[in-house]
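Okay, so here's the structure we're looking at.
The values are calculated or read from the model by the stated rules, or taken from the named source; none is laboratory data. None of the values given here were measured: they were computed from a predicted structure. No Cβ is skipped: glycine too gets one built from the backbone with ideal geometry, and neighbour counts run over all protein chains shown. Side chains are part of the model used for accessible areas, which takes the heavy atoms of the whole protein and leaves out ligands, DNA and RNA. Shrake-Rupley method; radii C 1.70, N 1.55, O 1.52, S 1.80 Å.
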Amino acid sequence: MRIQEIFAKKKPVLSFEIFPPKRDSELKDIDETLAILSKLSPDFISVTFGAGGSSNNNKTIEIAKKIKHQYGIETLVHLTCSGYTKQEIDSFISILSENGIENILALRGDKNPNVLEKSDFQYASELTGYLNKSANFCIAGACYPECHPESKNRISEISHLKGKVDAGSDFLISQLFFENEFFYSFIENCRIAGINVPVTAGIMPVINKAQIERIVNLCGASLPNRFRKIINRYENEPTALFDAGMSYALSQVIDLLVNDVDGIHLYTMNNPIVAKRICEGIKNII
Ligand code: FAD
């Protein structure tokens, strides 16, 4: 099923994100993860894709096939264009079509300084336009409530996002954020700019300090003081930090639901217990 049809029928749409493990030996862990995630009845599960020629990308396709055909859950395959030629993109999309995959998250990907730049597409909007014209997928795009780290300012960010949506994005998934006000003001700016597709909110429950510092450095999301205090207070007490991180994420999710968000996209980091705790916390709400 095309995910845009799910957004047309229900609100909020619940989705999870997982990534393919680096080692083949860890593939069985993905089965255990999917067995738990599938019982939580998400509307779709997305699978990440390595930027710039990662050798791990065959696993993305294998895992997406499993989600769709073995677990009967809709899937969204991330596809990055940085570091790939048009011919390589064509080959990925024909494999996806042959395997009944209907949904692609069209991304540029982070530029890898160690990979020779040979991209035929410079921005995600170009990949989106190409997919829209040459294939028949539901296309998602990424968006950034606190601005993409490379953006000059919010105005150019929103104007490029509008270009991406006009090129064919059917819905958007946001970068993670820890302050809902950023998301609400971003949505307002999108609507003013005429970006009217559904926007699902990316939420990452934080369960350890090193993980969050690495991620925040990478994506530029800011940590509100009240959340930083929680992390500092419990950094050496893993179970306390787990509980506090879960409660923080849950309070963000409930506030988003109260404010009629189009969807919640949980960055699970392949930890199904995290998704389970959040789903249990909203089972009588959603
Ligand atoms: P774009 O939409 O191309 O934007 C990148 C930057 O270029 C922005 O600053 C934008 O404002 C600017 N820009 C866009 N168009 C123009 C233009 N015409 N002229 C000038 N500037 C322009 N990375 C992975 O490697 N694998 C994944 O699976 C993955 N999944 C992700 C999932 C989500 C939900 C999100 C939010 C991010 C994900 N990423 C992933 C990270 C993403 O690839 C990076 O954030 C990357 O740097 C930007 O990708 P994009 O598709 O948003 O790029």
Quiz item: Consider GLU146 against the criteria (1) of a type in the set (Asp, Glu); (2) within 16 Å of the ligand (Cβ to nearest atom); (3) without any contact (Cβ under 8 Å) to a residue 40 or more places away in the chain: it satisfies all of them except one. Which criterion is unmet?
Solution: (3)
Exercise. Among what's in the range 186-224 and is open to solvent by 50 Å² or more (accessible area, probe 1.4 Å) and modelled with pLDDT of 95 or more, pick the residue that is nearest to the ligand (Cβ to nearest atom).
Key: ASN189
Exercise. Please specify each residue of the range 149-165 satisfying the condition of being within 6 Å of the ligand (Cβ to nearest atom) and open to solvent by 70 Å² or more (accessible area, probe 1.4 Å).
Key: GLU150, HIS160
Quiz item: Out of (1) in contact with a strand residue (DSSP E or B) (Cβ under 7 Å, 6 or more places away or on another chain); (2) touching a residue at least 40 places away in the same chain (Cβ under 8 Å); (3) surrounded by 17 or more Cβ atoms within 10 Å (Cβ to Cβ), the odd one out for MET1 is which?
Solution: (3)
Quiz item: What do you reckon, is ARG228 at pLDDT below 95, open to solvent by 20 Å² or more (accessible area, probe 1.4 Å) and either within 16 Å of the ligand (Cβ to nearest atom) or part of a loop (DSSP other than H, G, I, E, B) (or both)?
Solution: no
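Could you tell me which residue of the range 166-185 is surrounded by the fewest Cβ atoms within 10 Å (Cβ to Cβ), considering only residues that are outside any helix (DSSP H, G or I) and of a type in the set (D, E, K, R)?
Only one residue tops the list, namely GLU179.
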Quiz item: Does the range 125-143 hold any residues that are open to solvent by 40 Å² or more (accessible area, probe 1.4 Å) and more than 10 Å from the ligand (Cβ to nearest atom), and which are they?
Solution: TYR130, ASN132, LYS133, SER134, ASN136
Quiz item: Which residue pairs have Cβ atoms closer than 7 Å, lie 6 or more positions apart in sequence or on different chains, and pair a first residue in the range 153-164 that is under 12 Å from CYS190 (Cβ atoms) with a second residue that is within 10 Å of the ligand (Cβ to nearest atom) and of a type in the set (Phe, Trp, Tyr)?
Solution: GLU157/TYR144
Quiz item: Residues in the range 33-44: is at least one open to solvent by 60 Å² or more (accessible area, probe 1.4 Å), away from the ligand (no atom under 16 Å from the Cβ) and closer than 19 Å to GLU17 by Cβ?
Solution: yes
Quiz item: Conditions: (1) out of contact with any Gly (no Cβ under 9 Å at 6 or more places or on another chain); (2) within 14 Å of the ligand (Cβ to nearest atom); (3) under 11 Å from SER169 (Cα atoms). ASP120 meets all but one. Number of the miss?
Solution: (3)
Quiz item: Checking HIS69 against (1) more than 11 Å from the ligand (Cβ to nearest atom); (2) within 26 Å of GLN175 (Cβ to Cβ); (3) modelled with pLDDT of 95 or more, which single condition isn't satisfied?
Solution: (2)
Quiz item: Which of (1) surrounded by fewer than 17 Cβ atoms within 10 Å (Cβ to Cβ); (2) within 16 Å of the ligand (Cβ to nearest atom) is the odd one out, the single condition ILE89 does not satisfy?
Solution: (1)
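Could you tell me whether the range 210-217 includes any residue that is under 24 Å from GLY141 (Cβ atoms), part of a helix (DSSP H, G or I) and without any contact (Cβ under 8 Å) to a residue 12 or more places away in the chain?
Yes, the conditions are met somewhere in the range 210-217.
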Exercise. From ASP24, ASP110, grab the single residue that is modelled with pLDDT under 95, over 16 Å from the mean Cα position of the chain (by Cα) and among the charged types (D, E, K, R).
Key: ASP24
